[in-house]
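> The structure that follows is given in the form of structure tokens.
The values are calculated or read from the model by the stated rules, or taken from the named source; none is laboratory data. Note that the coordinates shown come from a computational prediction; the quantities given were computed from them, not determined experimentally. Please note: Cβ atoms are built from the backbone with ideal geometry, for glycine as well, and neighbour counts cover all protein chains shown. The area values use the complete protein model at the heavy-atom level, side chains included, leaving out ligands, DNA and RNA. Shrake-Rupley method; radii C 1.70, N 1.55, O 1.52, S 1.80 Å.
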Amino acid sequence: MLTERIWSGNSLRNFHYLIACPETGEALAVDPLEWRLCLDAARRRGWSITQILNTHEHGDHTGGNAGLKAATHAQVAAHAGAASRIGGVDRGLARGDIIKVGRTVELECLDTPGHTLTHICLLAHTEQPALFCGDTLFNAGAGNCHNGGHPHKLYDTFVTQLARLPEATRVFPGHEYLARNLEFTLDREPGNPDAQRLLEAARQHDPAAATVTTLGEEKRINTFFRLQNPTIIARLRAAFPDLGEHPDAATVFVKLRELRNRW
Ligand SMILES: [Zn+2]
Ligand SMILES: [Zn+2]
């Protein structure tokens, strides 16, 4: 499997991805908003885009479908429950479906509600696994839930699906928010050494060359995976005095999400 991450350079800080078969050069474009950039990247690599995948229905992930489809005749795939809202979807996806790209690439569809209720993450079971996670999981952060999502569902997705993936899984989100998210981590857990170290690098990064984290790293730097951390809980209790001595993990997650919304 060949992967190219494409930095949009737009104000929303979108990342697009091309996932290609090394034998046939067929490629899948993930959330190709700035579709011309995707087309240029594919041409440079000698790939042909035959499929488009929208992780979810928001316009900053689907807005390039029409242009890219017109240019390539690619087939569009998205969560079956989001298809009517996206329009022009050729294949509706459900949990466990496999997307094949060329002869060698197989991507498993995870049904990951929370940011919206119809969100797909793609998991590549490659030697080092890769997760294309749209707006569900960001590097050092979690998607918001105020445009059709639900924080309890996002919590379930984090705990029952994402946290169980192999630690070596590379995390390829839909936006570049690393420095801002690390600042939130350090606001909640000021002494986190991994977050401190990575923030220094992230502030100097060209976003096009931003760090690709692994799930193992996320568990060290991402507040939304650190729901049992005593510092995080103590500081949360300072913000929400009604929280009680031993809040359950779901409550910690939802309150962190609430704080992040206004942070
Ligand atoms: Zn979104
Ligand atoms: Zn987005």
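> At a probe radius of 1.4 Å, what is the per-residue accessible area of residue 40, in Å² to the nearest 10?
Probe radius 1.4 Å; accessible area of residue 40 about 70 Å².
> Ok, one more. Rounded to the nearest whole Å², what accessible area per residue is found for the chain with the 1.4 Å probe?
Ligands and nucleic acids excluded, the result is 42 Å² per residue.
> Further question: For the chain, which whole-number percentage of the solvent-accessible area (1.4 Å probe, protein heavy atoms only) is attributable to carbon and sulfur atoms?
48 percent
> Could you tell me what fraction of 2.2 N^0.38 Å the Cα radius of gyration of the range 84-191 comes to, as a two-decimal ratio?
Rounded to two decimals, the normalised Rg is 1.14.
> Order the following by accessible area, largest value first: 84, 48. Probe radius 1.4 Å; ligands, DNA and RNA are ignored.
Putting 84, 48 in descending order of accessible area: 84, 48.
> Hey, another quick one. If packing is taken as the average number of other Cβ atoms within 10 Å across a peptide's residues, how do 73-79, 214-220, 49-55 rank, most packed first?
Peptide ranking by packing, descending: 49-55, 73-79, 214-220.
> Rounded, prolate or oblate: which one fits the range 179-223, using the alpha carbon gyration tensor with axes a ≥ b ≥ c (rounded when a/c is under 1.5, else prolate when a/b beats b/c, else oblate)?
oblate
> Shape of the range 57-118 from its Cα gyration tensor (a ≥ b ≥ c, root eigenvalues): rounded if a/c is under 1.5, otherwise prolate when a/b > b/c, or oblate?
In terms of gyration-tensor shape, oblate.
> What list of ³J(HN,Hα) values in whole Hz, one per residue of the range 43-49 in order, does the Karplus curve 6.51 cos²θ - 1.76 cosθ + 1.60 (θ = phi - 60°) give from phi, with Gly and Pro shown as x?
Computed from phi, the couplings for the range 43-49 are 5, 4, 8, x, 9, 10, 7 Hz.
> Can you classify the range 1-131 as rounded, prolate or oblate using the Cα gyration tensor, where a ≥ b ≥ c are the square roots of its eigenvalues, rounded means a/c under 1.5, and otherwise it's prolate if a/b beats b/c and oblate if not?
rounded
> Give a residue-ordered list of calculated ³J(HN,Hα) values for the range 240-256 (Karplus: 6.51 cos²θ - 1.76 cosθ + 1.60, θ = phi - 60°; whole Hz; x for Gly, Pro).
Result, ordered by residue: 10, x, 7, 5, x, 5, 10, x, 6, 4, 4, 5, 4, 4, 5, 5, 4 Hz.
> While we're looking at this one, here's another question. Compute log10 of I(q)/I(0) for the range 92-138 with the Debye formula, placing one identical point scatterer on every Cα and leaving out solvent, at q = 0.18 Å⁻¹, to two decimals.
For the requested q values the scattering log ratios are -0.53.
> Taking θ as phi - 60°, what are the ³J(HN,Hα) couplings along the range 203-212 by the Karplus curve (6.51, -1.76, 1.60), each to the nearest whole Hz, with x for Gly and Pro?
Ordered by residue, 3J(HN,Hα) equals 5, 8, 5, 6, x, 5, 10, 4, 4, 9 Hz.
> Now a separate question. For the chain, find the longest principal axis of its Cα atoms and tell me its angle to the long axis of helix 230-239, 0 to 90°, nearest 10.
The two axes meet at around 80 degrees.
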